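The values are calculated or read from the model by the stated rules, or taken from the named source; none is laboratory data. Quantities reported herein were computed from a predicted structural model and do not represent experimental measurements. Positions of Cβ are backbone-derived with ideal geometry, glycine not excepted, and every protein chain shown enters the neighbour counts. Surface areas here come from the heavy atoms of the whole protein model, side chains and all, with no ligands, DNA or RNA. Shrake-Rupley method; radii C 1.70, N 1.55, O 1.52, S 1.80 Å.
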Amino acid sequence: MRTIGAVAALANVTVRTLRHFHEVGVVVPSARSAADYRLYNDDDLVTLHAVLFYRELGLALDEIARIVHDPGYDRGAALEHQRLMLMQRRDTLDQMIAAVDAALDSHTTGRPMTESAMFAVFGEQQRVLPAEAEQRWATTDAWAESARRTGHFTRADGQHVKSESQRLTGDIAAVYTAGLAPDSDEAMDAVEAHRQQIDQRFSPCTHAMHVQLGEMYVSDPRFRATCEQVAAGLVQGVRDVIVANAARAA
């Protein structure tokens, strides 16, 4: 068991931060000393490790609490999720740095950039997503199962699934733009249909996995930008409904 001061020094955070984490229920120490000091065990440190990573990735504490305290929480899956988010952030930053370097070169040399070159980086982020998905998930069981199922699709099957996906996306967007509460039956039924499509058409998708998928939607700026073209705030709204639907199932 470690005191709050020892944990703060170990994790390079302040005691005030740990107290706040305790108050909001994201990292709750497992015990108290005879003098009523907070005491943290190894499991508490594992939780803190996950929380600090998610915080660095920009997630709000209430979102983090829902992830790490979900009954279906899988630390291995969470670490894979965090790694994916970090890789996506790195790739995005690398592309943006290259774009800034090109703009600086144009500015200092006086050689004008073409309009297409000036804005290419933003469109490119949308085009690279399928290739990134294969590169990062090709070794996972879920990817293998999805490849097995879709490998038997005929052209008609592909068109049917595409139309089905568009309809489901439209239903979710309609629920969101109607202003329905995340825990309303209409909203939860819409995202449940989305989960079931993944589960039936591609690979098994539990409610816990669906929640992690929702968090990935929120954390990926490229995915967010695409969805924002459908409706402002849609990604966050969908994630909230996915969480509510998982709670309903539990």
With the first residue restricted to region 82-110 and required to be in contact (Cβ under 8 Å) with a residue 12 or more places away in the chain, and the second required to be acidic (Asp, Glu), Cβ contacts under 7 Å at 6 or more apart or on different chains are 88/220; 95/124
Restricting attention to region 109-119, does a residue exist that is open to solvent by less than 80 Å² (accessible area, probe 1.4 Å), farther than 24 Å from residue 198 by Cα, assigned to a helix (DSSP H, G or I) and at pLDDT 75 or above?
-> yes
When you scan region 37-64, how many residues do you find that are surrounded by fewer than 16 Cβ atoms within 10 Å (Cβ to Cβ), farther than 19 Å from residue 9 by Cβ and among the β-branched types (Val, Ile, Thr)?
-> 0
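Residues checked against (1) in contact with a Gly (Cβ under 9 Å, 6 or more places away or on another chain); (2) surrounded by fewer than 22 Cβ atoms within 10 Å (Cβ to Cβ); (3) hydrophobic (A, V, I, L, M, F, W, C); (4) not in a helix (DSSP H, G or I):
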residue	(1), (2), (3), (4)
172	yes, no, yes, no
179	no, yes, no, yes
188	no, no, yes, no
205	no, yes, yes, yes
209	yes, yes, yes, no
215	no, no, no, no
236	no, yes, no, no
Confirm whether residue 224 is over 20 Å from residue 67 (Cα atoms), open to solvent by 40 Å² or more (accessible area, probe 1.4 Å), among the basic types (Lys, Arg) and not in a loop (DSSP other than H, G, I, E, B).
-> no
The residue that is modelled with the lowest pLDDT, considering only those in region 65-82 that are open to solvent by less than 50 Å² (accessible area, probe 1.4 Å) and either farther than 14 Å from residue 219 by Cα or touching a His at 6+ places or on another chain (Cβ under 8 Å) (or both), is 77
Checklist (1) open to solvent by less than 40 Å² (accessible area, probe 1.4 Å); (2) closer than 17 Å to residue 27 by Cα applied to residue 85, failing item = (2)
Take the residues in region 155-177 that are farther than 25 Å from residue 230 by Cβ and at pLDDT 70 or above, then tell me which one is farthest from the chain's Cα centre (by Cα).
-> 156
